[in-house]
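Participant: First the structure, then my questions, so here it is.
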Amino acid sequence: MSTLSSGREVSRSRAGSSRCDFVGVEPRTGGSRRSSNILNSPVQHLLKEWAERPCPQMDIEALPPHLLVPGSNSPVRIIDLGGPGHKQLVSIILPWMHVAISIGNEVTLEQMKALIFGSIKRMAHPQYSIQAEDYIFRVVTITGSSDLPELTDLFFEEQMLCKVEMTPAYPVFFLYEPDGFRNEKDIAKAIGNALGYPLIQLESQIDEEHRDCRVKLFNEVELAVGSRGLGGTEHYAFPEDDVTSEDTTCPQALKSKIESNSLAYHVYYRTQDAEKANDDSKAKLVVIDFMAEYTPTTLIQKALSKLKETDEPADAFILQIAGQKCYLTSDEHLLLNFGTVRSNLEDYRSPQFVLRRKAIVFIEYPPAQKLHKPSYVKAAEAAAAALTDDGGIISLWDLDANLALRPISCSKLGAFEVETSISAYFAVFVGQVMLFQCKSFKVPTHNPRWQSEFMEFELYMKDLPPAANLSISLVEEKANKKKPGILLEERVLGWVNVPLFDWKNELLQGHHTFNLHTTPVKGPGVYNAEGQLGNSDAKGSPRLMIELFNWQRRVRLPPFEIYSAFVETQMKWGHIPVPKEVPKNEQALVQSRVENILRKHMNSEDVSREEEDYVWHYRHFISVVVPDALLLICECQEMWKSRESYGEVYALMNDWAQLSHGVSLLLLGKRGLDPTIRRYAVEHLDGTLSDQTFHLFILPLVQALKCETFACSALALLLVRKALSDYRIGHKLFWILRAELADLKHEMDLGKGDGQFSNQFKLLSLILEAYLRGNEDHIRMITRQVGMADRLTQLSVMLKSFTKDVATKKLREELKRNLSHFEHLDSPLDPSDELGELLIDRCKVLGSAKMPLRLAWRNASPMASTWQKNYEILFKNGDDLRQDMLVLQVLEIMDAIWKRSGIDCCLSPYPVLPMGTKIGMIGVVQDCATIFEIQSGGGKMGTAVKSLETSFINRHVRDHATATKDYLMRVDRFLVSCVGYSVATYIMGIKDRHNDNIMMTNSGKLFHIDFGHILGHGKTKLGIQRDRVPFVLTEHFLCVISKGGSVQKDSHDVVKFRQLCVKAYLYLWDFRSLFVSLFSVMQGMQLPELSTKADLEYLKKALQVDVMTRSDAEQHFIDVFTDAFNGSWSTKTNWFFHTVKHL
């Protein structure tokens, strides 16, 4: 008999056996102990299943049916797998055969499993997997006082074989597919399809930190799934319309509009059979007079009483908005406060509803499947249960010394001059606050080695803040030969920022080698404190080895709970002064000065040390009266110099007053790295943002994720929890994260990095995985959307080689061939839009440079004909849509603020969704045309001449009106939409405005598209910017606003328009810190026009961040309006030349 061993064969006597311990072995015929004497019934049943397993058949001449080792002619009895430690003989039972192995007992179970499957590849069975990751070890053990053996699953595979508790008399391991294995594999495959790469590829690259994060994210999924609504209108995917106001009565202006235009509620009723078939042909309309006090239930009751054709009770129905997958069910709000209803009324339209039967609707929202717990979570739970405290950890507060370190050597410096030297600079930062710094002595660049003692910082170890980062810069110095001792040049060769505590809150100690970044530093000095944390991924980057003092034991931060008790004790003993109340007669003065310092800080002005000390002195008063000044306190040096100081602020967090959303976002940016402060900011957003408003902040919060020091954070957990509480939030988060992944993957494909996933890529992937595991019922819909996007990408690439007409023909042929992949699914742009039948004859390729695809679907929602019969989407391949998404997202926030303030500017923030690198979708606004297209009715020369004619837009509006009353409605829509876009484009600095990117709907709404230039970055010619006005206000627009009359600055209509613009501006001025914060955080998108502090200066100036009173802000915008009014001639001239250019 022979033994399979690593690299050699050992001959042994064949005496005593002609059998093999693999497959095809007949049961023993001799006496043996009955299994019932040693095993309980589950084990006995398992052995019986194994005995009756399907076995492979092998024909071997002149030998009994044994399996042979490849390359050998002798049957095998034992497989020697080697490995460290004492040899252990173990029996391994697989579903189709039995293996006897010899292996070192110091290998891990994961290693043993890999060795086993590596040795039996040639012995596979077609009905079973041969992949190691598809199996789990199960072992027979005796636990407790019972003498009966039990079966124990070993999910924790990082433990060594010698640590496994087994029944000594029966060392048997079963390898089996765990319960739910097939389901888990299916889920993993679906998640991989949604991510765009196999999940196993991610699993092979994540380290211990990301494995821990993965488990914590799933634990958050369990909590979210357990607490969310599961059925009926409480179902987490049930699409309820947003509530945009809290009025208890109808505002007088809206009431007048309703009465003068006889607006009413239109309710459609269909029979039960028609509803099941989604047949609208025989739907009956019921008109209900408008009453401000109506709720959804009231309207249902009124409609049913007026119908008199059904005896079904009112509580059997719910209201659906006609043409949309959106419902109104909450009786806590008046109908007129729902977003869609309010917008319809403000837009002179009667709201349209459909009566839907709950029993039919709720079929689409069944209770979610039971959440499947993946094997990696079970493994983590088993590891935690087996974890023992070895006593090798001490608290940071047990150390009695200063922080000490030293440089050792550096390499990969590239080309250098002989007469140069280098020094290593070290500084400890918390965010942008430098605590202490030190510098090594110089060494020659050609021999960069330091033989030095440890350098001590003046920073006591007990006082080291949890968010302390070590910033290192390697600086080359070139001496001046003519003037010895004077430096000629100082150049930073590389830099790196490293947290002094890791993700387990343990101190960095001992030897470490860092790959340095070579990008320019942004200060202060030679440091790049705002730079990313961690090593550079670039190939060939400089390397620096340093040593931090080694305490010979693991050092961990004290638990957060200890700080409050510590501060209380220190106050008791007088080591921290007890705060004194600010006298009432001084409170207004203190508040005013703190607010002025905060305003100064928000405007990027330097805050003096004296002002810092002033803020720090009044920290207790600030925590109650000026909570937003937490932003200032976090950047006070005094706060981070001792544990007493930052511990006191931590304690104050328990009672800190409510922050504004803007400051919360800033605290989650690059300047706020302390985990306690960040957690507080997240808790504030969680407590103050409803699901209806949270979706507006997903984009900046995803950018804030990039500022997290470690993988698992309160922000990551919040995003997962919110995504699983509301399907629309989850849908939006999925596509934003997937687009970020695509951009990161594109960078890897371009060769940036070593081919490994970056930490950011891993984190975003883990968040998506967690969301999809908690959203199992909807994975199929998401993967269908992903599949559609992938097919459209391939199609768009193929069609670029054809002319426009041929490409359209080819497009339609391909769509017909793959029709099932494009029909009957939720729109990626908005899950409330149901894409029904694909209207192939209306699909085409547009003639612009990137040849976008224009696709059309029938609206599958009930009574779509009353709202929007079809959906049209542009699929673009070649344009970066991220900036457009940013602008439109901010437009939505502005729209929400205005509506909450009682103004509806009739904006048209069409949906834009980046789906990958320069790939995405744009929702098409129906029944509209560009100003250029409106001009184009009179031939080429007529088009150019019309751009100089003031009245052509007004004439277009009048031509589409059915009567004078209808014309006045359209003018009013034009006026309010012009107000919204005038103010919005000014604040965001949207430039390059011409008659090809300003559009108007047939109903009179004006809106802008194509936001390629923002924050004042306009096109220039010969160094002169083309856009010379703060926003577009041409005589064409003023002619419509003046209802075709003469345009006079002091006319009633122009004055009304100006007043509305000022009012809209002031409502946004009240939220100026929010907009500055939004754009600051979204610098993480790395857009060309939003990447530096200077880019934000335009926004701060437009929003008058440094202005203290509303009257000053009002005067500012009046001046801006005057400039725009007086500059209308230059816009008209630009339009003329733009028109001539494109003829």
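The values are calculated or read from the model by the stated rules, or taken from the named source; none is laboratory data. Predicted model only: the values in this text are computed from it and were never measured. Cβ sites come from the backbone with ideal geometry, for glycine too, and all protein chains shown count toward neighbours.
Participant: With respect to Met921, is the statement that it is part of a strand (DSSP E or B), more than 18 Å from Gln703 (Cα to Cα) and under 20 Å from the mean Cα position of the chain (by Cα) true?
Facilitator: Working: part of a strand (DSSP E or B): yes; more than 18 Å from Gln703 (Cα to Cα): yes; under 20 Å from the mean Cα position of the chain (by Cα): yes.
Taking the combined requirement at face value, the residue satisfies it.
Participant: Next up: Could you count how many residues in the stretch 806-835 are among the charged types (D, E, K, R) and within 25 Å of Gly323 (Cβ to Cβ)?
Facilitator: Within the stretch 806-835, the subset among the charged types (D, E, K, R) is 809-810, 812-814, 816-817, 823, 826, 830, 833-834.
This time we only want the ones that are within 25 Å of Gly323 (Cβ to Cβ), so: 823, 826, 830, 833-834.
Counting residues in the stretch 806-835 that are among the charged types (D, E, K, R) and within 25 Å of Gly323 (Cβ to Cβ) gives 5.
Participant: When the residues of the stretch 88-140 are narrowed to those that are of a type in the set (S, T, N, Q) and within 39 Å of the chain's Cα centre (by Cα), which ends up surrounded by the most Cβ atoms within 10 Å (Cβ to Cβ)? Don't jump to the end; show me each part of the working.
Facilitator: Of the residues in the stretch 88-140, the ones of a type in the set (S, T, N, Q) are 88, 91, 102, 105, 108, 111, 119, 127, 129, 131.
Those still in the list that are within 39 Å of the chain's Cα centre (by Cα) too: 108, 111, 129, 131.
Values: Thr108: 16, Gln111: 19, Ser129: 15, Gln131: 10.
Restricting to residues being of a type in the set (S, T, N, Q) and within 39 Å of the chain's Cα centre (by Cα), the top hit is Gln111.
Participant: Which residues, counting only those in the stretch 362-409, are surrounded by fewer than 18 Cβ atoms within 10 Å (Cβ to Cβ) and closer than 30 Å to Ser832 by Cβ?
Facilitator: Residues satisfying the conditions are Phe362, Ile363, Glu364, Pro366, Pro367, Gln369, Lys370, Leu371, His372.
Participant: Assess whether Asp153 counts as being surrounded by 15 or more Cβ atoms within 10 Å (Cβ to Cβ), outside the structural domain of Leu768 (by TED's automatic domain parsing), more than 25 Å from the chain's Cα centre (by Cα) and of a type in the set (D, E, K, R).
Facilitator: Details: surrounded by 15 or more Cβ atoms within 10 Å (Cβ to Cβ): yes; outside the structural domain of Leu768 (by TED's automatic domain parsing): yes; more than 25 Å from the chain's Cα centre (by Cα): yes; of a type in the set (D, E, K, R): yes.
Answer is yes for this residue.
Participant: Go through the stretch 676-747 and tell me which helices (runs of 4 or more DSSP H), entirely inside it, have 3 or more residues that are among the hydrophobic types (A, V, I, L, M, F, W, C) and under 25 Å from Pro911 (Cα atoms). Quick ask: steps written out before the conclusion?
Facilitator: Details: elements: 691-694, 698-705, 714-725.
Qualifying helices (runs of 4 or more DSSP H): 698-705, 714-725.
Participant: Okay, next question. Is there a residue being more than 13 Å from Leu334 (Cα to Cα) and in a loop (DSSP other than H, G, I, E, B) anywhere in the stretch 254-262?
Facilitator: Checked against the condition, which is being more than 13 Å from Leu334 (Cα to Cα) and in a loop (DSSP other than H, G, I, E, B), the stretch 254-262 yields at least one hit.
Participant: Got a sec? Which helices (runs of 4 or more DSSP H) wholly within the stretch 991-1090 have at least 2 residues that are surrounded by fewer than 17 Cβ atoms within 10 Å (Cβ to Cβ)?
Facilitator: Working: elements: 1035-1041, 1052-1069, 1072-1081.
Once the helices (runs of 4 or more DSSP H) in the stretch 991-1090 are filtered for at least 2 residues that are surrounded by fewer than 17 Cβ atoms within 10 Å (Cβ to Cβ), what remains is 1052-1069.
Participant: Which condition does Val578 not pass, out of (1) part of a loop (DSSP other than H, G, I, E, B); (2) among the β-branched types (Val, Ile, Thr); (3) under 37 Å from the mean Cα position of the chain (by Cα), if it passes all the others?
Facilitator: Only one criterion is unmet by Val578, namely (3).
Participant: Right, another one. Looking only at residues that are of a type in the set (Lys, Arg) and over 33 Å from the mean Cα position of the chain (by Cα) in the stretch 306-338, which one is surrounded by the most Cβ atoms within 10 Å (Cβ to Cβ)? Explain how you work it out, then say what you get.
Facilitator: Filtering the stretch 306-338 down to residues of a type in the set (Lys, Arg) leaves 306, 308, 325.
Next, only the ones that are over 33 Å from the mean Cα position of the chain (by Cα) stay: 306, 308.
On the way: Lys306: 13, Lys308: 7.
The selected residue is Lys306.
Participant: If you don't mind, there's one more thing I want to ask. Checking the conditions here, which among Val221, Val215, Val267 is touching a residue at least 12 places away in the same chain (Cβ under 8 Å), surrounded by 15 or more Cβ atoms within 10 Å (Cβ to Cβ) and within 22 Å of Thr329 (Cβ to Cβ)? Working first, answer last.
Facilitator: On the way: Val221 fails: within 22 Å of Thr329 (Cβ to Cβ); Val215 fails: within 22 Å of Thr329 (Cβ to Cβ).
One residue alone meets the criteria, Val267.
Participant: Are there strands (runs of 3 or more DSSP E) fully within the stretch 483-573 with at least 2 residues that are under 32 Å from the mean Cα position of the chain (by Cα)? List them.
Facilitator: Details: elements: 487-499, 510-515, 543-548, 554-556.
Here the list reads 487-499, 510-515.
Participant: Also, I was wondering about something else. For Phe457, are the conditions met, namely being surrounded by fewer than 19 Cβ atoms within 10 Å (Cβ to Cβ) and in contact with a Leu (Cβ under 7 Å, 6 or more places away or on another chain)? Quick ask: steps written out before the conclusion?
Facilitator: Values: surrounded by fewer than 19 Cβ atoms within 10 Å (Cβ to Cβ): no; in contact with a Leu (Cβ under 7 Å, 6 or more places away or on another chain): yes.
Criteria not met by Phe457.
Participant: Give the residue, chosen from Leu853, Leu886, Leu907, that is surrounded by 21 or more Cβ atoms within 10 Å (Cβ to Cβ), in contact (Cβ under 8 Å) with a residue 40 or more places away in the chain and touching a Gly at 6+ places or on another chain (Cβ under 9 Å).
Facilitator: Numbers: Leu853 fails: touching a Gly at 6+ places or on another chain (Cβ under 9 Å); Leu886 fails: touching a Gly at 6+ places or on another chain (Cβ under 9 Å).
Unique residue meeting the criteria: Leu907.
Participant: All but one of (1) within 33 Å of the chain's Cα centre (by Cα); (2) of a type outside the set (A, V, I, L, M); (3) surrounded by fewer than 18 Cβ atoms within 10 Å (Cβ to Cβ) hold for Arg958, so report the exception by its number.
Facilitator: Failed condition: (1).
Participant: Right, next: For the stretch 514-549, what are the residues that are modelled with pLDDT of 95 or more and more than 12 Å from Ile472 (Cα to Cα)?
Facilitator: Residues satisfying the conditions are Glu547, Leu548, Phe549.
Participant: Can you run down the residue pairs with Cβ atoms below 6 Å, 6 or more apart or on separate chains, where the first is in the stretch 778-805 and over 17 Å from Arg854 (Cα atoms) and the partner is among the aromatic types (Phe, Trp, Tyr) and outside any loop (DSSP other than H, G, I, E, B)?
Facilitator: none
Participant: Taking only the stretch 289-318 into account, find how many residues are closer than 11 Å to Val354 by Cβ and free of Cβ contacts under 8 Å to residues at least 40 places away in the same chain.
Facilitator: 0
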